[in-house]
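Read the structure below first, then the notes.
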Amino acid sequence: MASIINVTSSERPEHHPLRNKTAELGRSPECAVQLVDDSVSRHHARLTYERASNSYTVMDLGSRNGTRVNGELLSEPRKLADGDAISLGSVSLRFAEEDFGDDQSAFERAMLEKWFGEDDRNTIAG
């Protein structure tokens with residue numbers, strides 16, 4: 001299984017297990033991964049699970065601020081790899097090919113991989 005980890009702020013780590021399902025990301029409460037941020041569209045992006053390859057692709061749903069993977073603005077669906085950075089407006093996410101039992105386990109992986117910004121790491125450490 002796979003997860004999305006919100007690494008926008010290390011003060012509020014959260015992860016979203018995907019459970020081998022397609023998931024919509026956006027500000028709307030209808031989305032499987034709700035991101036409450038004004039820079040995120042109500043229905044911003046979709047993660048699609050592809051059973052044959054046991055993989056996920058991400059596509060932008062015509063959002064106002066676009067969807068980026070590893071800094072590249074998406075113009076078509078893109079297959080995700082472990083650790084890929086996904087940006088929806090000002091929200092920073094990471095795709096992990098594993099599921100985590102809780103937010104703390106996801107946070108520990110994010111810290112180990114240095115997925116938070118330098119300022120966030122300093123806040124935690126000091």
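The values are calculated or read from the model by the stated rules, or taken from the named source; none is laboratory data. Since this is a predicted model, take the numbers as computed values, not measurements. Cβ atoms come from the backbone with ideal geometry, glycine included; neighbour counts cover every protein chain shown. Each accessible area value is taken on the protein alone, full model and side chains, heavy atoms only, with ligands, DNA and RNA left out. Shrake-Rupley method; radii C 1.70, N 1.55, O 1.52, S 1.80 Å.
About the centre of its Cα atoms, region 65-104 shows a dipole size close to 340 debye [charges on the beta carbon of Lys, Arg (+1) and Asp, Glu (-1) only; nearest 20 debye].
Between helix 103-112 and the chain there is an angle of about 80 degrees, using the helix long axis and the longest principal axis of the Cα atoms.
Of the accessible area of the chain, with the probe set at 1.4 angstrom, what percent is carbon plus sulfur? Please list the in-between numbers first.
Values: 2930 of 6900 Å².
Here it works out to 43 percent.
List the equivalent ellipsoid semi-axes of the chain in whole Å, largest first, each obtained as the square root of 5λ for an eigenvalue λ of the Cα gyration tensor.
22, 17, 13
Computed about its Cα centre, the charge dipole of the chain is approximately 400 debye, with only Lys, Arg, Asp and Glu carrying charge at their Cβ. The residues of the chain present an accessible area of 55 Å² per residue when probed at 1.4 Å with all protein chains retained.
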